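The values are calculated or read from the model by the stated rules, or taken from the named source; none is laboratory data. Every value quoted in this text rests on a predicted model; they were computed, and no experiment measured them. So basically every Cβ, Gly included, is an ideal-geometry build from the backbone, and we count neighbours across all protein chains shown.
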Amino acid sequence: MMHRNARQHKILELISTMEIDTQEELCAELNKLNFNVTQATISRDIKELKLYKISGMTKKYKYACLESDDDSVRGKMKTLFRECVQTITSANNLIVVKTMRGNGSTAGLFVDSLQLKEILGSIAGDDTLLIVVDTNENTHIVAQKLREYI
């Protein structure tokens, strides 16, 4: 357990100081530090740490942490949401967010990061995000909050 915690702490440190864009690269960096990990272990860690990819400066993408307090990460997520969302519509307790092709998950990451208590869950496709809200009344409130970001 201690080894896992130390490894995950090191992963967060690495992604905050380096632009790491693949699991293999992350695995190699950890192995250089004598963590002796496999790609499967890294895959599980990425899931547990809720890492995702954002645009990098020197590489096309890099890993970032969803729970990061880094304002630049939050700013990039807002910008990506604003740039990829085409429409937000609602019916009953459902909200459908239409995005540019390939950006449904990106929109979903941003919505998840808002941690709105009214949202029960969401499912992202290639160009669509479906959000399930707890009540019909709250659907309009959540949809309006989301529209404020576009």
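Laid out as a table, the results:
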| item | result |
| --- | --- |
| Candidate set: segment 50-62, residues that are surrounded by 14 or more Cβ atoms within 10 Å (Cβ to Cβ) and aliphatic (A, V, I, L, M); chosen: the one farthest from Lys78 (Cα to Cα) | Leu51 |
| Tyr52, sole failed condition from (1) over 21 Å from Ser113 (Cβ atoms); (2) in contact (Cβ under 8 Å) with a residue 12 or more places away in the chain; (3) not in a helix (DSSP H, G or I) | (1) |
| Index of the failed condition, Asn92 passing every other in (1) farther than 25 Å from Thr22 by Cα; (2) touching a helix residue (DSSP H, G or I) at 6+ places or on another chain (Cβ under 8 Å); (3) surrounded by 12 or more Cβ atoms within 10 Å (Cβ to Cβ) | (3) |
| Total residues in segment 1-33, condition under 28 Å from Gly104 (Cα atoms), part of a loop (DSSP other than H, G, I, E, B) and either touching a helix residue (DSSP H, G or I) at 6+ places or on another chain (Cβ under 8 Å) or free of Cβ contacts under 8 Å to residues at least 24 places away in the same chain (or both) | 3 |
| Segment 96-121 - residue that is closer than 14 Å to Phe81 by Cβ and at pLDDT 95 or above and, of those, surrounded by the fewest Cβ atoms within 10 Å (Cβ to Cβ) | Lys98 |
| Given (1) out of contact with any strand residue (DSSP E or B) (no Cβ under 9 Å at 6 or more places or on another chain); (2) under 16 Å from Lys53 (Cβ atoms); (3) among the hydrophobic types (A, V, I, L, M, F, W, C), index of the condition Leu114 fails | (2) |
| Restricting segment 34-49 to residues that are part of a loop (DSSP other than H, G, I, E, B) and surrounded by 14 or more Cβ atoms within 10 Å (Cβ to Cβ), the residue that is modelled with the lowest pLDDT | Leu49 |
